[in-house]
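Participant: I have a structure here, written as structure tokens, and I will follow up with some questions on it.
The values are calculated or read from the model by the stated rules, or taken from the named source; none is laboratory data. The shown structure was predicted, so the numbers you read here are calculated from the model rather than taken from an experiment. We place every Cβ from the backbone using ideal geometry, glycine too, and count neighbours over all the protein chains shown. When the accessible area is computed, the model is the full protein with side chains, heavy atoms only, and any ligands, DNA or RNA have been set aside. Shrake-Rupley method; radii C 1.70, N 1.55, O 1.52, S 1.80 Å.
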Amino acid sequence: MQAKIKELKTLFESHLQKAKTLAEVENLRVEFIGKKGHVTSLLGELRLVANEQKREMGKKINELKQFVEDALFVQKQFLEQETIVKVISSAKKIDITMPTGQVFGSIHAVTSVAKEVEDVFVSIGFIVEDGPEVVTEYENFEAVNVPKDHPARDMQDTFWLENGQVLKTHTSASQNRILKKYADNLAKGEDIRVIFPGRCFRNENVDASHENTFFQLEGMMVGKDISVANLIYFMKGMLEGVFKKDINVRLRPGFFPFVEPGFELDASCPFCEGKGCSVCKHSGWIELCPCGMIHPEVLKMGGIDTNNYRGFAFGLGLTRLVMLKYGLKEIRILNSGNLKFLKQTGTK
Ligand code: DAH
């Protein structure tokens with residue numbers, strides 16, 4: 001029996017050396033310590049051994065079994081490791097310094113002009129706010145002093161949603177929420193300076209100069225002694241910041257229910273410096289930005305004490321400003337996703 005045990009061990013060792021795959025290792029396991037394996041049947045032969053040797057032989061066979069198990073385990077681990085190394089080293093190598101040929105997008109003209117305007121306002125202490133595109137009827141109309149049946153509702157063709165909300169027809173729809181949010185500033189002796197760019201929607205017939213989806217950039221300043229003089233000062237500063245040259249502004253009367261008095265603000269044409277060109281239709285002026293002193297009703301609905309505070313608001317036509325800046329004759333190009341246009345006007 002002892003000789004057999006030795007023999008089996010030697011046999012196993014020589015087989016193990018030749019086992020170069022996981023499948024071969026598994027075959028070896030079955031062959032030696034499987035149910036009908038050599039070592040297992042040796043255990044069966046124990047009953048033929050003389051009684052006084054049984055214990056020792058049993059121990060030896062079990063030692064052999066353990067030895068086989070351990071050796072197989074080690075060999076299996078070795079082969080698995082080897083496979084991983086092989087896969088990794090045969091994998092296609094990536095040269096991370098190679099040019100990718102990948103095409104990068106660019107910042108849309110509307111976004112980059114909005115950023116320019118925002119930067120100017122931020123530099124003079126304004127906060128940039130965001131607002132939802134779906135708003136309540138109250139926010140879009142009532143809160144900016146456009147009650148039901150008011151003729152001003154006809155000025156804007158509204159997209160109504162089934163739940164009674166609307167796609168905001170103007171950024172003014174955010175005025176109420178923003179006034180409420182910052183009303184506490186005033187008690188602390190600070191003023192309210194906020195701008196809020198946004199996408200607006202109107203149910204319009206689309207042509208070269210009308211879009212159903214366009215951008216505005218609205219602003220409000222509310223404080224103790226705010227007057228039309230502040231309005232003119234800030235608008236002039238903003239336009240000079242965007243066009244990077246001296247700009248004159250002038251106000252003409254204009255009607256909007258949420259401002260009193262309301263104005264149309266014209267800027268001296270930045271392209272011909274007021275001499276007259278095709279952009280300004282040879283008038284030297286371009287109509288750029290409706291604005292005015294915020295109507296007391298609007299302030300009240302925003303939680304502002306109208307005995308002590310006043311404010312101005314403006315609604316810059318951001319899309320129009322972009323068209324002016326890039327000399328675009330066709331508004332629809334802005335939302336078209338036209339790659340040639342995006343490449344020409346986009347910034348990195
Ligand atoms: N909400 C107006 C519109 O879309 C634009 C506007 C006019 C905004 C005057 C203002 C303002 O803040 O003071 O037609």
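Participant: When you scan the stretch 159-179, do you find a residue that is on the phi > 0 side of the Ramachandran plot and touching a helix residue (DSSP H, G or I) at 6+ places or on another chain (Cβ under 9 Å), even just one?
Facilitator: Scanning the stretch 159-179, I find at least one residue that is on the phi > 0 side of the Ramachandran plot and touching a helix residue (DSSP H, G or I) at 6+ places or on another chain (Cβ under 9 Å), so the answer is yes.
Participant: Go through the stretch 272-316 and report how many residues are in contact (Cβ under 8 Å) with a residue 60 or more places away in the chain, open to solvent by 60 Å² or more (accessible area, probe 1.4 Å) and farther than 23 Å from Ile232 by Cβ.
Facilitator: The qualifying residues number 2.
Participant: On to the next question. Considering each of Ser227, Ser209 in turn, give the residue that is of a type outside the set (Val, Ile, Thr), more than 12 Å from the ligand (Cβ to nearest atom), at pLDDT 95 or above and open to solvent by 30 Å² or more (accessible area, probe 1.4 Å).
Facilitator: Ser227
Participant: Which count do you get for residues in the stretch 317-335 that are within 15 Å of Thr111 (Cα to Cα), open to solvent by 40 Å² or more (accessible area, probe 1.4 Å) and either within 16 Å of the ligand (Cβ to nearest atom) or outside any helix (DSSP H, G or I) (or both)?
Facilitator: Selection size over the stretch 317-335: 1.
Participant: Among (1) modelled with pLDDT of 95 or more; (2) hydrophobic (A, V, I, L, M, F, W, C); (3) within 13 Å of the ligand (Cβ to nearest atom), which single condition is Met301 missing?
Facilitator: With (1) modelled with pLDDT of 95 or more; (2) hydrophobic (A, V, I, L, M, F, W, C); (3) within 13 Å of the ligand (Cβ to nearest atom) applied to Met301, the lone miss is (3).
Participant: In the stretch 297-311, is there at least one residue being in the same structural domain as Glu273 (by TED's automatic domain parsing), in a strand (DSSP E or B) and in contact with a helix residue (DSSP H, G or I) (Cβ under 9 Å, 6 or more places away or on another chain)?
Facilitator: yes
Participant: For the stretch 159-188, how many residues meet the condition of being assigned to a loop (DSSP other than H, G, I, E, B), more than 23 Å from Glu260 (Cβ to Cβ) and within 16 Å of the ligand (Cβ to nearest atom)?
Facilitator: Of the residues in the stretch 159-188, 1 are assigned to a loop (DSSP other than H, G, I, E, B), more than 23 Å from Glu260 (Cβ to Cβ) and within 16 Å of the ligand (Cβ to nearest atom).
Participant: Which is open to solvent by 30 Å² or more (accessible area, probe 1.4 Å) and not in a loop (DSSP other than H, G, I, E, B), of Glu204, Glu139?
Facilitator: Glu139
Participant: Identify the residue in the stretch 251-271 that is open to solvent by 10 Å² or more (accessible area, probe 1.4 Å) and away from the ligand (no atom under 16 Å from the Cβ) and, among all such residues, is farthest from Ala143 (Cα to Cα).
Facilitator: Result: Phe271.
Participant: Read through the list (1) open to solvent by 50 Å² or more (accessible area, probe 1.4 Å); (2) at pLDDT below 90; (3) of a type in the set (Val, Ile, Thr), then give the number of the only condition that Val49 fails.
Facilitator: (1)
Participant: Could you tell me whether Val144 is touching a strand residue (DSSP E or B) at 6+ places or on another chain (Cβ under 6 Å) and open to solvent by less than 70 Å² (accessible area, probe 1.4 Å)?
Facilitator: For Val144, the condition - touching a strand residue (DSSP E or B) at 6+ places or on another chain (Cβ under 6 Å) and open to solvent by less than 70 Å² (accessible area, probe 1.4 Å) - is not met.
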